[in-house]
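Here's the structure, in structure tokens; my notes come after.
The values are calculated or read from the model by the stated rules, or taken from the named source; none is laboratory data. As the structure is a prediction and not an experimental result, all values here were calculated from the model. Cβ coordinates were reconstructed from backbone atoms using ideal geometry, including for glycine residues, and neighbour counts include every protein chain displayed.
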Amino acid sequence: MAPTKESLHQAVLDQQDELLELCRDLIRIKNQSPIDSQAPAIAFVRDYLAQAGIETEEIVGDGGEDYPVVYAQMGDPTGFRVVLNGHVDVVPVGQLSGWDFDPFGAEMHDGKIFGRGASDMKCGLAVLLFTMKKLKESGAELKGDIRLHMVCDEEIAGSGTKWFCEHGYADGADAVMVGEPTGHETIEIGQKGILHVTLTAHGVPGHGSTNNYKGDNAIVKLARVLVNIDQIISVPGHFLPEHERAVRNSRIVAEQTIPAEGVGNVVDHISCNVGLIEGGSKINQVPDLATAHIDVRLPYGTDHDEVVAAVERVIAESGVTGVEAAYEWITEGNVTSDTCTLVTSLKKNIEDVWGEECLPAYQWASSDAANYRLLGCPTIQFGPCNNDGIHGYNEDVDVIDVVHAAEIYMLTLCDMLGVA
């Protein structure tokens with residue numbers, strides 16, 4: 001008897017022990033970027049998929065031999081085309097004294113899996129791999145194909161997904177599902193773009209003892225600009241009428257996630273962070289050069305001229321001269337329609353499994369998903385998540401979140417690939 005959507009859903013529940021052990025096996029692999037080798041994790045993933053006869057290809061892309069990409073394809077390439085994207089690398093654990101448990105011990109108790117990468121995103125990757133393997137083992141006839149894009153440098157350079165997109169591996173994709181952590185309350189359907197602004201202040205050197213009388217302190221000039229740089233966050237994005245519902249949802253999600261007054265504006269206005277300042281060479285010398293590097297996040301439809309004008313206005317109103325700005329536009333704000341097949345199917349399956357409303361929303365940060373959206377591919381992020389330990393100490397994830405995520409991915413893949 002041919003497998004059905006219902007039988008494949010049941011297979012996820014019946015074989016969840018395999019899924020959870022896969023999560024733990026991945027967490028036990030010590031592959032911190034950029035400290036450790038990624039080779040053991042890559043070999044493990046390839047061996048796991050090979051158990052079901054899924055052939056994989058390890059390709060040296062822009063990340064070089066230390067950070068290859070892994071590609072797999074299964075199904076009918078002439079039908080509906082789905083890309084599953086995930087990264088296997090994790091950030092360093094930092095000081096072990098900050099952890100209440102072994103970050104690579106992969107303990108599982110009290111309804112949780114503990115360890116580095118539990119949420120970001122070894123359990124999310126496990127969901128993608130497990131779902132592919134179960135579909136392959138079932139012999140289901142797919143009216144389309146699944147392409148795995150696995151990278152191992154997302155936490156550093158992030159060149160892997162960009163390489164996939166630049167070399168045709170995402171061409172014609174009808175749906176892209178990125179297993180990054182979101183939790184079940186939301187589907188990420190859009191993200192901010194990125195602009196890097198460098199402010200450079202020029203001064204005149206002199207002896208530090210006469211700074212108040214002679215010389216022109218570049219650091220002080222730069223500081224007079226930076227004290228008001230937050231004024232640029234008044235620049236809005238320019239969303240279209242069809243985006244209004246997702247913008248409202250996004251403000252709700254932001255306000256529920258980040259306990260800060262006015263945080264809803266982070267969705268539809270630019271945000272900025274002065275992340276790095278450089279200046280001076282000696283404490284007793286008036287510095288003649290100082291720079292500040294500012295990370296600016298751009299909502300969809302941001303007008304470049306408006307942003308530049310806002311920065312230049314802050315410089316002019318500071319009253320200092322000799323400060324100039326340079327602009328490096330990294331990516332644009334990007335969105336996926338909340339009415340496309342991918343989003344509507346995923347939303348329904350999330351709500352059916354969890355019994356709770358799910359809000360498709362825009363993220364205030366950026367990730368690899370932007371590479372696919374800028375190609376025109378409908379793209380979402382969805383995966384198991386506990387936010388508290390991500391990139392910090394004591395990372396964990398709820399077991400039920402992992403199992404439900406696998407159910408949801410299976411159901412959604414069945415919808416898109418014609419398994420009734």
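Annotations
- Residue check, Gly389 buried (at least 17 other Cβ atoms within 10 Å of the Cβ), of a type outside the set (A, V, I, L, M, F, W, C) and closer than 30 Å to Ser97 by Cα: yes
- In region 68-80, the residues that are in the same structural domain as Lys162 (by TED's automatic domain parsing) form Cβ pairs under 7 Å with partners that are surrounded by 16 or more Cβ atoms within 10 Å (Cβ to Cβ) and among the aromatic types (Phe, Trp, Tyr), at six or more places apart or across chains, as follows: Val69/Trp163; Val69/Phe164; Tyr71/Tyr169.
- Per-region count, region 395-405, residues within 19 Å of the chain's Cα centre (by Cα) and assigned to a helix (DSSP H, G or I): 3
- Pick from region 276-289, criterion touching a residue at least 24 places away in the same chain (Cβ under 8 Å) and of a type in the set (A, V, I, L, M, F, W, C), ranking: surrounded by the most Cβ atoms within 10 Å (Cβ to Cβ): Val286
- Subset of region 366-394 that is of a type in the set (D, E, K, R) and assigned to a helix (DSSP H, G or I) - its residue that is farthest from Cys23 (Cα to Cα): Arg373
- Qualifying residue in region 329-347 (condition: over 22 Å from the mean Cα position of the chain (by Cα), farther than 18 Å from His243 by Cβ and not polar (S, T, N, Q)): no
- Only listed residue being outside any loop (DSSP other than H, G, I, E, B) and at pLDDT below 95, chosen from Ile350, Ile408, Ile330: Ile330
- Restricted to helices (runs of 4 or more DSSP H) entirely inside region 187-275, those with at least 2 residues that are free of Cβ contacts under 8 Å to residues at least 60 places away in the same chain and over 30 Å from Thr336 (Cβ atoms) are 218-226.
- Annotation: Glu155 fulfils all but one of (1) of a type in the set (D, E, K, R); (2) surrounded by fewer than 24 Cβ atoms within 10 Å (Cβ to Cβ); (3) over 15 Å from the mean Cα position of the chain (by Cα); the unmet one is (3).
- Any hit, region 290-305, residues being in contact (Cβ under 8 Å) with a residue 60 or more places away in the chain and in a helix (DSSP H, G or I): no
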